[in-house]
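Notes follow the structure.
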Amino acid sequence: MPQQRAQSPPSMIRSMHVAVLFSKQCARWRSMTPPSLMQRLHRSNVRFASDVLSGAPSIIVGVTAYILIVNAKGADGQPLGFAGIAGSIALTFLMVPTITRTTEEVLKLVPEATREAALAMGATTWYSTFTVVVPTALSGIVTGVMLAFARGAGETAPLIMTVLGSNVLMTNLFEPMAALPLITYRYTESPFPSENTLAWGSAFVLMMLVLLVNILVRIATRNRLRMR
């Protein structure tokens, strides 16, 4: 019987990349923008949408991705089908609220005197944000990213509805892909002992992956902060 291999990394990497970029922009806008009436209204709407999305069940995100992406018809009139890119988009929507909310709160903790000192030196608001505020809050931002990574790495429901799974190691984001959570989910209740062993092994590898990434990022962030 064919065996599934370990999770293909491009889907998770793409999810993290998009989630971090989008979340940081939202958080900076929500915490740094001058509070005019319209901007306060938009900021409140974005915060409300982020809070609602953070509490949405993962299966709802998976079903939505299935309807809007997997089952969507392309230019030739055929459904796009299961693909790693669909799983990346679904995981992105699960990770964005965590990163956005964490980054916003961390940026608010940066002393106002730090921002004023950068502006007094002639820096623009966006330049001071990128070169002064964000590096100051880097440790907290990384913590939020790692929390989002831990959630996205262990999600199974969105992947069932989007990437389907594969018996071979795939790197093409537009084809069905294998994933560690899917292997754990499908092989746990299998009547075959070899597949039960694969399920336990994939769960262990997933836990070690999350732990290793957290340790490496913590070490890198600590060294950078010491250098500053």
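The values are calculated or read from the model by the stated rules, or taken from the named source; none is laboratory data. Everything numeric here is computed off the predicted structure, so don't read it as measured data. Cβ atoms come from the backbone with ideal geometry, glycine included; neighbour counts cover every protein chain shown. Just so you know, the surface numbers come from the protein's heavy atoms only, side chains and all, with ligands and any DNA or RNA stripped out. Shrake-Rupley method; radii C 1.70, N 1.55, O 1.52, S 1.80 Å.
Over all directions, the projected convex hull of the C-alpha atoms in the stretch 81-212 averages 10.1 nm² in area.
Sites listed here are GluC sites (Glu not before Pro) in the stretch 133-228 whose DSSP assignment is loop and whose Cβ has at most 11 other Cβ atoms within 10 Å: GLU189. Heavy atoms of the protein chains alone define the surface here; on that basis the stretch 68-183 has 44 Å² accessible area per residue at 1.4 Å probe size.
Among 44-52, 92-100, 200-208, the peptide with the highest mean count of other Cβ atoms within 10 Å heads the list, and the full ranking is 92-100, 200-208, 44-52.
Computed 3J(HN,Hα) for the stretch 92-99, one whole-Hz value per residue from the Karplus formula 6.51 cos²θ - 1.76 cosθ + 1.60 where θ = phi - 60°, is 4, 5, 7, 8, 4, x, 5, 5, glycine and proline marked x.
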